[in-house]
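No lab work stands behind these numbers, since they all come straight from the coordinates. Everything numeric here is computed off the predicted structure, so don't read it as measured data. Ideal geometry is used to build each Cβ from the backbone, glycine not excepted, and the neighbour counts take in all protein chains shown.
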Amino acid sequence: MPEHRIYQESVKAVTEKIEGLKPEILMILGSGLSSLADMAKDTVSIPYEEIPGFKASTAPGHFGKLVIGTLGNKCVMIMQGRMHYYEGYGVEEITYPVRVARILGAEKLIVTNAAGGVNGDFEVGDIMLICDHIKLFGDSPLRGKNIDTFGVRFPDMTYAYSKRLRDIARGCAEDIGVKLREGVYFYMTGPQYETPAEINAIRILGADAVGMSTVPEVICAAHAGMEVLGFSLISNMASGILDKPLTCEEVMAAGEAAREVFGALILKCLERM
Ligand code: HPA
């Protein structure tokens with residue numbers, strides 16, 4: 001993959017630290033899910049502030065570290081925490097690490113997030129395989145001059161969430177006895193949680209879960225020809241589904257509670273992808 005000039009400094013900084021490791025898969029860990037990185041072996045950790053172009057991750061439960069190591073027989077590059085639009089970053093800053101990983105050789109992306117359940121059949125603690133997304137927010141990480149070395153000007157999004165990897169994920173969930181939900185992720189920029197009327201509207205539009213991340217990174221990865229596998233942990237039911245307010249604490253607690261089962265599923269998927 002030819003490199004674009006502006007990413008070279010970051011690629012150089014990471015390459016120097018990882019001493020010959022060749023990350024095959026980039027994995028982005030969402031709210032409350034950072035501890036999944038602890039499963040990796042023979043790791044090298046790099047704080048984001050030591051990588052030119054990476055921004056600090058200021059969200060709760062996002063550590064702001066890149067962990068490169070072995071997991072499920074694969075060399076993975078794990079983002080222990082991501083950047084969000086609500087932190088004040090532009091979509092090109094949020095997605096910068098995806099392109100760095102791509103230049104470093106990663107051909108696949110696993111994205112995870114905590115999300116509000118919009119589908120009334122879902123329950124807190126469910127894991128949803130992301131089949132597709134809806135983004136009504138106007139900005140795109142691909143806005144501006146296209147970088148042809150990554151991908152085409154008008155990239156296809158029909159298969160943004162790889163059918164092959166979704167099949168693998170279903171098989172893995174069945175084999176380890178994890179109930180896997182499937183659905184459409186709706187991107188809201190936050191940081192405020194949604195109103196009940198917004199949730200009603202996005203449910204009618206076809207969403208099953210709602211969250212404040214993931215979609216910019218998936219767009220960038222799909223543009224660069226990466227195969228994407230995405231999971232949402234349903235950390236709470238979305239606004240208005242239950243008659244109670246939403247809190248960040250319940251989102252974190254759900255991540256902690258799902259740690260083992262989520263970890264087992266990711267590990268199995270990594271082994272087979
Ligand atoms: N809405 C938006 N983002 C979220 C939610 C939610 O209900 N839960 C976790 N992230």
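Here are a few things to note about the model shown:
- Considering only Tyr89, Pro60, Asn119, the residue lying farthest towards the positive end of the dipole of the chain is Tyr89, judged by Cα position with unit charges set on Cβ.
- For the chain, pairs of C-alpha atoms spaced more than 26 angstrom apart make up 36 percent of the total.
- Likely footprinting exposure, Lys268, Lys244, fewest C-beta neighbours within 10 Å first: Lys244, Lys268
- Which of Val251, Met237, Ala264, positive extreme of dipole for segment 224-272 (C-beta unit charges): Ala264
- Of the two radii for segment 136-196, the radius of gyration is 1.09 times the Kirkwood radius, both from the alpha carbons; that is the Rg over Rh value.
- Measuring against 22 Å, Cα to Cα, the residue pairs Lys179/Lys268; Lys108/Lys179; Lys135/Lys244; Lys41/Lys74; Lys65/Lys163; Lys55/Lys163 contain Lys108/Lys179; Lys135/Lys244; Lys65/Lys163; Lys55/Lys163 as the ones spanning a longer distance.
- Coil-residue chymotrypsin sites (Phe, Trp or Tyr not before Pro) of segment 143-215, DSSP, other Cβ within 10 Å capped at 13: Tyr159
- Estimated vicinal HN-Hα couplings, Hz - segment 100-105 in sequence order (Karplus 6.51, -1.76, 1.60; Gly, Pro = x): 4, 4, 4, 5, 6, x
- Largest-first principal axis extents of the Cα set of segment 1-71 (Å): 34, 26, 19
- Enclosing the Cα atoms of segment 172-273 in their convex hull gives a volume equal to 120 cubic angstrom per residue.
- By definition, a body whose alpha carbon gyration tensor gives a ≥ b ≥ c is oblate when a/c is 1.5 or more and a/b is not larger than b/c, and segment 53-110 fits this oblate description.
- Our summary gives the chain a relative contact order of 26 percent, counting only alpha carbon pairs under 8 angstrom and 6 or more residues apart.
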